[in-house]
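Here is the structure we will look at, set down as structure tokens.
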Amino acid sequence: MPLPGQPPASPALRQALQLLAAGKPAEGERVVVTAAKQAKAAHGSGSHPLAKAYADMARFHHRAGDFKRAAAEFKHAGGGPLPPDPPGRRDRLAFMAGYAGCLDALGQFAEAEKVFRQCVAFARNLSGPDTPGYAASLPPLADLLARTGNPAEAVKLAEEAFEVCWRHGDAGIGAAAAARAAAWKAAGRTGDAFADLDELPDSFAAGAVAAVAGQDGGQYLPEERRAVLADLAGFAGRRFGDGHPATADALAAAFHHEAGLGKGGDEKVRAEMVRRAVWGYAVKRAPAGLLERVEVGFRPDGSIHLVPHLTREPDANEAVHLETVLTAAVDDLYARPAKGEG
């Protein structure tokens, strides 16, 4: 799950994460460590630039899966004197949120909750109680509470964040909608968790889909996550239509959830998500007028088996083209949803 409350990546962090994604973790780590050494040489121990460099190291190690090391680096980044200027204090808030996110990833939920609550108080004092800056601090706490047995407070916090972002027309409504959906399902609420997002601008609606699809589904009860993703796939489909990247991400998230449950997954749901995803990808790329529909099955090893139904007999070139498109459709499904930088 991406870390909450983080600013855009610095050039050094972007380079390090690119190296990590390319399978070069040692080279990536060297980039952020070198940047920290340069910050220390230029600004000294205890300086704010050095603290930001430590936070970059923490974000790199979190992405690499070393949550314990990342937590220590975030804690170190936030250990100096409180910066006197608003930008510096916003950075301090990001360090705190990152530290809480690492504690959450480590399963230290009580300590994570404590730090997330400190983030909420800090954000309220820094930005004011009816501001997007304050609202942004609420979804991470709400999400944690929804997963750890306090859905009533989670609903309250997520709804507050949603309402503030709605009033201000702020893009943070996506994260608020994601937290609200999880909280609603944890609280046993039925009904479409995204019904009121139809009025949002396309960019905000797509952001909400990305926020939900990017959640770590393994942290939720399977049936609650299934309900959230069913609502999400319905919302994305009616808002954007099959074949749109946001819809493809929603379908892929639901597919991955069911596949990850193994025998506990719902094969009908999994098949329907594959069918819609493959159809949305392939129908505009296949030879014109050739593809009528696609049936989906699963082999014993869990891999996808597609049975395309055609409107006519294809020629040799069309048959090769169609096979290529269907293979690419399955590859696209497995590659989604794209994960944001954490």
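The values are calculated or read from the model by the stated rules, or taken from the named source; none is laboratory data. Quantities reported herein were computed from a predicted structural model and do not represent experimental measurements. Backbone-built Cβ (ideal geometry, glycine too); neighbour counts: all protein chains shown.
What number of residues within region 55-93 are within 22 Å of Thr34 (Cβ to Cβ) and touching a residue at least 40 places away in the same chain (Cβ under 8 Å)?
Looking only at that region, the number is 9.
Can you pull out every residue in region 302-317 that is surrounded by 14 or more Cβ atoms within 10 Å (Cβ to Cβ) and either under 30 Å from Leu20 (Cα atoms) or in contact (Cβ under 8 Å) with a residue 60 or more places away in the chain (or both)? Write out each step before concluding.
Applying the first criterion (surrounded by 14 or more Cβ atoms within 10 Å (Cβ to Cβ)) to region 302-317 yields 304, 306, 308, 310, 314.
Of everything in region 302-317, just one residue is surrounded by 14 or more Cβ atoms within 10 Å (Cβ to Cβ) and either under 30 Å from Leu20 (Cα atoms) or in contact (Cβ under 8 Å) with a residue 60 or more places away in the chain (or both), namely Ile304.
What number of residues within region 238-249 satisfy the criterion of being among the hydrophobic types (A, V, I, L, M, F, W, C) and more than 13 Å from Val274 (Cβ to Cβ)?
So the answer is 2.
With the structure loaded, tell me whether His168 is within 30 Å of Gly133 (Cα to Cα), touching a residue at least 24 places away in the same chain (Cβ under 8 Å) and surrounded by fewer than 20 Cβ atoms within 10 Å (Cβ to Cβ) or whether it fails that test. Step through it out loud before you land on a result.
On the way: within 30 Å of Gly133 (Cα to Cα): yes; touching a residue at least 24 places away in the same chain (Cβ under 8 Å): yes; surrounded by fewer than 20 Cβ atoms within 10 Å (Cβ to Cβ): yes.
Yes, satisfied.
Being of a type outside the set (Val, Ile, Thr), touching a residue at least 12 places away in the same chain (Cβ under 8 Å), in contact with a Ser or Thr (Cβ under 8 Å, 6 or more places away or on another chain) and in a helix (DSSP H, G or I) is true for just one of Ala246, Ala233, Ala254. Which residue is that? Before you say what the answer is, go through the steps one by one.
On the way: Ala246 fails: in contact with a Ser or Thr (Cβ under 8 Å, 6 or more places away or on another chain); Ala254 fails: in contact with a Ser or Thr (Cβ under 8 Å, 6 or more places away or on another chain).
The match here is Ala233.
Among the residues of region 124-132, is any under 20 Å from the mean Cα position of the chain (by Cα) and of a type in the set (D, E, K, R)?
Initially, region 124-132 is screened for residues under 20 Å from the mean Cα position of the chain (by Cα), giving 132.
This time we only want the ones that are of a type in the set (D, E, K, R), so: none.
Scanning region 124-132, I find no residue that is under 20 Å from the mean Cα position of the chain (by Cα) and of a type in the set (D, E, K, R), so the answer is no.
In a loop (DSSP other than H, G, I, E, B) and closer than 23 Å to Asp192 by Cα - does that describe any residue in region 149-162? It would help to see each step written out before you state the result.
Step one: of region 149-162, the residues in a loop (DSSP other than H, G, I, E, B) are 149-150.
With closer than 23 Å to Asp192 by Cα added as a condition, the list becomes 149-150.
The answer is yes, given that some residue of region 149-162 is in a loop (DSSP other than H, G, I, E, B) and closer than 23 Å to Asp192 by Cα.
Within region 293-301, identify whether any single residue is surrounded by 13 or more Cβ atoms within 10 Å (Cβ to Cβ), without any contact (Cβ under 8 Å) to a residue 40 or more places away in the chain, small (Gly, Ala, Ser) and outside the structural domain of Pro7 (by TED's automatic domain parsing), and answer yes or no.
no
For region 273-300, which positions are within 28 Å of the chain's Cα centre (by Cα) and farther than 24 Å from Gly237 by Cβ?
Across region 273-300, there are no qualifying residues.
If you check Val320 against the conditions, is it β-branched (Val, Ile, Thr) and crowded, with 18+ Cβ neighbours inside 10 Å? So that I can check it myself, show each step before the final result.
Numbers: β-branched (Val, Ile, Thr): yes; crowded, with 18+ Cβ neighbours inside 10 Å: no.
So Val320 does not fit the description; no.
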